[in-house]
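The values are calculated or read from the model by the stated rules, or taken from the named source; none is laboratory data. Everything numeric here is computed off the predicted structure, so don't read it as measured data. Glycine gets a Cβ as well: all are built from the backbone with ideal geometry, and neighbour counts include every protein chain shown.
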Amino acid sequence: MRLLADENIPGHTIRALRAAGHDVFAAAEAAPGAPDRALLARALSDVRVLFTFDRDFGELAVREPGRTPAGVILLRFVPPGAAAVTRVVLELLDRSDLAIEGFLSVVEAQHVRQLPLRAV
């Protein structure tokens, strides 16, 4: 999957996603300090699913539905460390019962809520 990792995604997670075959643009590496709107525009132009701990991206998807990326994964849990983030994200992307593209996926400690991006 083509992903855009916000700056708040651990390097451990980015490396593990790449090792698993995902194409990851990491903001921390390529665009440190970039504003949210610039990252959102990059995800849209590159057809990438954006993932982040930053609630602002979910709000931007609501306010600007015509300018949303391929998908948004909003991580809404407090991880005990980078390994936990990596495990959760890899498990999420491996799930066959969820479509990630086209959805705002809110990942909480015990479950995932999804809203179609066209409907938000």
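Restricted to region 96-119, and to residues there that are outside any loop (DSSP other than H, G, I, E, B) and loosely packed, with under 15 Cβ neighbours inside 10 Å, the residue that is modelled with the highest pLDDT is 113. Here is the figure for region 37-65: residues that are over 21 Å from residue 114 (Cβ atoms) and surrounded by fewer than 16 Cβ atoms within 10 Å (Cβ to Cβ) total 5.
Under 7 Å between Cβ atoms, at least 6 apart or on separate chains: pull out the pairs that start in region 96-113 with a residue that is within 21 Å of residue 80 (Cα to Cα) and end on any residue that is modelled with pLDDT under 90 and among the aliphatic types (A, V, I, L, M). From residues that are within 21 Å of residue 80 (Cα to Cα), there are no pairs. I need the strands (runs of 3 or more DSSP E) fully contained in region 1-95, keeping only those with at least 1 residues that are more than 19 Å from residue 107 (Cα to Cα) and free of Cβ contacts under 8 Å to residues at least 60 places away in the same chain. Hits in region 1-95: 23-26.
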